[in-house]
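Take a look at the structure below.
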2 protein chains.
Amino acid sequence: MKKEKSQLTDICQLQLQGVKDTQDLLSGKWKTVIVAALYYNGKFRFMNLSRHIEGIAPKVLSKELKDLEMNQLVKRTVIDTMPITVEYELTSQGKSLNKVIEAMGEWGVNYRKSILKK
Amino acid sequence: MKKEKSQLTDICQLQLQGVKDTQDLLSGKWKTVIVAALYYNGKFRFMNLSRHIEGIAPKVLSKELKDLEMNQLVKRTVIDTMPITVEYELTSQGKSLNKVIEAMGEWGVNYRKSILKK
DNA sequence: GATGCTACTTACCAAAACGAAACTACTTAC
DNA sequence: GTAAGTAGTTTCGTTTTGGTAAGTAGCATC
């Protein structure tokens, strides 16, 4: 009798690893929301971004942006105005998350609808 | 002078909320991977699922499955064999995550490639 | 009757994530 | 000189999450 084991093909295993990697890079409560905000808006200054993401503390936003920058999903640009302003935007790598963000956005909206219907 | 504030349209705000909701439902290190495994394989028994998700402890798997069940993404079926077996599968609600899972899978695979190229 | 399989649970602990509040440093405006 | 806006950092503490190891309970096999 064959043991019920890996029904998963190699391609599925690869995709599964992909899901895991993506999850790891977007870990935590805020990263997807930050990426989504930058995706929908293009650019944001620190204060302006924090105003658009309800409930996030500056310390947390700062840390999350650093993480995203380290993984090359977000670009940070200091602009030499008075006072100094800093702009955040998605890198091309970050922009390539568009399908993920859009799928999550849509699914979330539909999920909410389907819950309310009951 | 206009204050640089909500450049985001109402539709974007809605999508953003959707992203947040999705993120909340799939929070933590394992939920997306569990959903993806069930998506690629259809059904899994507890032990078999735990074998396919490397590194997850039974306690954690149990808890994550309960969370997913509570949010109606996963269905749990007890089958009265000897010894008892339990099957887990996605609900239709869970299956509707297909776009999210596929987008994450693909992006992850591509990200890995692009990192290795350097 | 000891071992092993099923599907978990329990107890305990460590680490990471998150959060509130205050503070820094610079400049402009009043 | 006082307040307000820029972009954060620091401190401290709580909460959540994840992990290890062992235990449970029923049955089946050796």
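The values are calculated or read from the model by the stated rules, or taken from the named source; none is laboratory data. None of the values given here were measured: they were computed from a predicted structure. A quick note on method: Cβ atoms are made from the backbone with ideal geometry, for glycine too, and the neighbour counts reach across all protein chains shown. In case anyone asks, the SASA skips ligands and DNA or RNA and just uses the protein heavy atoms, side chains included. Shrake-Rupley method; radii C 1.70, N 1.55, O 1.52, S 1.80 Å.
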Practice item. Per DSSP H run of at least 4 residues, take -39500 (n - 2.57); add these up for chain A, divide by its residues and hand me the 222 nm value, nearest 500 deg cm²/dmol. Key: -18500 deg cm²/dmol
Revision key, fill the gap. Per-residue average of other protein chain Cβ atoms inside 10 Å, peptide B:37-48 -> 3
Exercise for review: List the residue from chain A whose beta-carbon is nearest to the axis that rotates chain A onto chain B, together with that distance in whole Å.
Suggested key: A:Ala103, 2
Exercise for review: Please calculate the 1.4 Å probe accessible area of B:Glu106, with all protein chains present, and give it to the nearest 10 Å².
Suggested key: 100
Check your understanding: Roughly how many nanometres apart are two label points built 7 Å out from the Cα toward the Cβ at B:Asn110 and A:Leu14?
Key -> 1.5
Point to revise | Taking all pairs of distinct alpha-carbon atoms in the protein assembly as shown, Kirkwood radius in angstrom | key: 19.2
Check your understanding: How far is A:Lys43 from the same spot in each other copy, in nm, shortest first, if each label point sits 7 Å from Cα toward Cβ?
Key -> 5.6
Check your understanding: log₁₀ I(q)/I(0) of chain B at q = 0.09, 0.15, 0.23 Å⁻¹, via Debye over equal Cα point scatterers, no solvent, to two decimals?
Key -> -0.35, -0.77, -1.35
Review point. Averaged across the residues of A:91-101, what count of C-beta atoms belonging to other chains lies within 10 Å of each residue's C-beta?
Key: 4
